[in-house]
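Okay, structure first, notes after.
The values are calculated or read from the model by the stated rules, or taken from the named source; none is laboratory data. Only a predicted model underlies this, so the values are computations on that prediction, with no experimental measurement involved. Reconstructed Cβ throughout: ideal geometry from the backbone, glycine too, with neighbour counts over all protein chains shown. The accessibility values were calculated without ligands, DNA or RNA, using every heavy atom of the protein model including side chains. Shrake-Rupley method; radii C 1.70, N 1.55, O 1.52, S 1.80 Å.
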Amino acid sequence: MRRELALVAACSAIVIGGCGGGDHDDEGAPDPQPVVTVGDTPVTLDELDRWTAANWKTLASRFRPGATLPHPPDFAACVAELRKARGKQDPGTDAARRDECRREYQTVRTQSLQQLVLQRWIELEAEARGVAPTDAEFEREWAEQTDVTFPVAGALESYLADSGLTEADLRARLRQQMLDAAILDDQVERLTDIKEADVRRYYRTHRDDFRHGQTRQLAMVKADTRAEAAEARERIEAGDSWTEVVRDVVGPDAGPFTTINGAVQGSDAVSRAVARATQDELVGPIKGDDGWYVFTLLNKQPPGITPLDDARQEILPQLLSKADRRRIARDNAKVQAKWRKLTTCEAGYSIPECGSAS
């Protein structure tokens, strides 16, 4: 299966763990003050603030779905939000609510900082090993991933405006994923007896595991009434983005894109319409079991087999013996220890990955 671009949620890096964005300042602008430095490579406060805000949108469901990011130092808006949401059911004090807001903020900020530091470790480790995708390989992967993740014109721009991230942040995240895979390939080559022939043999003998059915990718909005659905259609025809329309109709955390794997299930009017839709046709409003729908078919892929290059990262773990895993784990521990020693955290930004504080 082709790697998916992890937009906000923390991704699981194979070698070290975590992911983050990159620090890309305007040429000629003064260097911003770093909050952490790995060797000579900084993590800046501006970068940390962007990823804290973006990650909050995903992690807020652990705390209070739909809540806004708490803002230090007094967390006034968060305290008022808690007081209003809980009403008389919460006899606590504003001081207690402020402590709760502070804990929520610190949890998300710490996770975001760890992601950014670990991303730096992976970048520097890949550079030290001399393993990295070429510019052409990266641009090809970026084009493929953005086509999958943002299939509608303007969707990427809408996401960036909503999240507060930059295209450079997302590019840095994808690059980190690719470097992570390259480091694992290097470890397999140096520390195990697995050969390319073994990978190809596994792929041939487990070919059915890499088959995939037909897939449809849709942009869809569901409204409570026909009038709301009709209005949504009018806005889309007028040029409003699907993301903007869906969030106005459904809610701020809703997204318009959905993928259907295999045959379309169901016999209701919406399912029948999806099954016979042609690409880029705007369909609806159609009455479904739970509301009124407007949608368009963005892409329809026939059944096929995942190419070997895309399946490789799924195959390698299947070929590792217990001894291989132990050798790679020891190598990972050495990598982490090496970069932890070179990681300096400014006062107020200490995390377990820090080797020293300034």
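Restricting the stretch 303-312 to residues that are touching a helix residue (DSSP H, G or I) at 6+ places or on another chain (Cβ under 7 Å) and part of a helix (DSSP H, G or I), which is least open to solvent (accessible area, probe 1.4 Å)?
From the stretch 303-312, those touching a helix residue (DSSP H, G or I) at 6+ places or on another chain (Cβ under 7 Å) are 305-306, 308, 311-312; that's our starting set.
Cutting the leftovers down to part of a helix (DSSP H, G or I) gives us 308, 311-312.
Numbers: LEU308: 23, ALA311: 0, ARG312: 41 Å².
Once the filter is applied, the top-ranked residue is ALA311.
Taking the residues in the stretch 253-293 that are surrounded by 12 or more Cβ atoms within 10 Å (Cβ to Cβ) and assigned to a loop (DSSP other than H, G, I, E, B) as candidates, determine which candidate is modelled with the lowest pLDDT.
ASP253
Considering every residue within the stretch 313-329, establish whether at least one is open to solvent by 40 Å² or more (accessible area, probe 1.4 Å) and not in a helix (DSSP H, G or I).
Yes; the residues of the stretch 313-329 include at least one that is open to solvent by 40 Å² or more (accessible area, probe 1.4 Å) and not in a helix (DSSP H, G or I).
Listed here are the residues, each with its yes/no results for (1) open to solvent by 60 Å² or more (accessible area, probe 1.4 Å); (2) more than 16 Å from the chain's Cα centre (by Cα); (3) under 22 Å from LYS341 (Cβ atoms).
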| residue | (1), (2), (3) |
| --- | --- |
| GLN106 | yes, yes, no |
| LEU118 | no, no, yes |
| THR134 | yes, yes, no |
| GLU141 | no, no, no |
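Can you tell me which residues in the stretch 143-156 are without any contact (Cβ under 8 Å) to a residue 24 or more places away in the chain and either touching a helix residue (DSSP H, G or I) at 6+ places or on another chain (Cβ under 9 Å) or open to solvent by 60 Å² or more (accessible area, probe 1.4 Å) (or both)?
Selection gives ASP147, PHE150, ALA153, LEU156.
Of all residues in the stretch 173-232, which are open to solvent by less than 60 Å² (accessible area, probe 1.4 Å), under 30 Å from ASN55 (Cα atoms) and not in a helix (DSSP H, G or I)?
Within the stretch 173-232, THR215, ARG216, GLN217, LEU218, ALA219, MET220, VAL221, ALA223 qualify.
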